[in-house]
Amino acid sequence: MSKNPTEAAATSSTAPAWATLVATFFGAGRLRPGPGTWGSLAAVLLWWALASQLPAAARVPVILVLIVVVTAIGIPAATLDARGCRTKDPSHIVIDEVAGQLVTLIACPIHWKPLLAGFILFRAFDIVKPPPIRSLEKLPEGTGIVVDDLGAGVYGLIVLQLALHFHWLG
């Protein structure tokens, strides 16, 4: 699913190499079909691998730092890459999915069912963009690209934590 219907496979960019590398999350955004899904999956797998090596008490602080770092680096990278492509929100930019997916996974147990549920919930909220998420896309450049996915991540976080609290995941 292309983020921008007018985007005609314009994935080449005149952006600095670092910006494209970050914006595509080291190439995950170049995978087809559904680059956003690949970016989210990469974030889940990265978090699973990292969190599995951390003591449980360190997981929430570490994921919060990761979210801040990914967002702080992702916004300028997305801005530069989108400008370089001359497209408002190119589908190959997936650093926004990485940031939003990590938000959904805050305090998520490192087991396959909650991780899968978090992945599905984030993707659903990212695609549907319930209010007021869609309005966040109107923010300028990389801010709009990234912040709407952070909003989808918050929705995913809330629903996932409710599912965990009420033992809906078994």
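The values are calculated or read from the model by the stated rules, or taken from the named source; none is laboratory data. Owing to the predicted nature of the structure, the values given are computational and were not obtained by experimental measurement. FYI the Cβ positions are ideal-geometry reconstructions off the backbone, even for glycines, and counts take in every protein chain you see.
Condition check: crowded, with 19+ Cβ neighbours inside 10 Å and free of Cβ contacts under 8 Å to residues at least 24 places away in the same chain. Does Ile158 satisfy that?
On the way: crowded, with 19+ Cβ neighbours inside 10 Å: no; free of Cβ contacts under 8 Å to residues at least 24 places away in the same chain: yes.
No: the conditions fail for Ile158.
Quick check, is Ala107 surrounded by fewer than 21 Cβ atoms within 10 Å (Cβ to Cβ), small (Gly, Ala, Ser) and more than 18 Å from Gly34 (Cβ to Cβ)? Write out each step before concluding.
Details: surrounded by fewer than 21 Cβ atoms within 10 Å (Cβ to Cβ): yes; small (Gly, Ala, Ser): yes; more than 18 Å from Gly34 (Cβ to Cβ): yes.
For Ala107, the condition - surrounded by fewer than 21 Cβ atoms within 10 Å (Cβ to Cβ), small (Gly, Ala, Ser) and more than 18 Å from Gly34 (Cβ to Cβ) - is met.
If a residue must be touching a helix residue (DSSP H, G or I) at 6+ places or on another chain (Cβ under 6 Å) and free of Cβ contacts under 8 Å to residues at least 12 places away in the same chain, how many such residues does the stretch 15-53 contain?
The qualifying residues number 1.
Find all pairs meeting these conditions: Cβ atoms under 8 angstrom apart; at least six residues apart or on different chains; first residue within the stretch 117-130 and farther than 12 Å from Thr37 by Cα; second residue modelled with pLDDT under 95 and not in a helix (DSSP H, G or I).
Ala117/Leu169; Lys129/Glu137
Please go through (1) at pLDDT below 95; (2) loosely packed, with under 14 Cβ neighbours inside 10 Å; (3) at negative phi for Ala9 and return the number of the only condition it doesn't satisfy.
Answer for Ala9: the failing condition is (3).
Failed condition for Leu139, given (1) assigned to a helix (DSSP H, G or I); (2) surrounded by fewer than 16 Cβ atoms within 10 Å (Cβ to Cβ), with all others met?
Unmet for Leu139, out of (1) assigned to a helix (DSSP H, G or I); (2) surrounded by fewer than 16 Cβ atoms within 10 Å (Cβ to Cβ): (1).
Tell me, which helices (runs of 4 or more DSSP H) lie completely within the stretch 29-120 with 2 or more residues that are farther than 30 Å from His167 by Cβ and modelled with pLDDT under 95? Walk me through how you get there before you give the answer.
Working: elements: 35-51, 56-85, 95-104.
Output list reads 56-85.
Exactly one condition in (1) in a helix (DSSP H, G or I); (2) modelled with pLDDT of 95 or more is not met by Ala19; state its number.
Failing condition for Ala19: (2).
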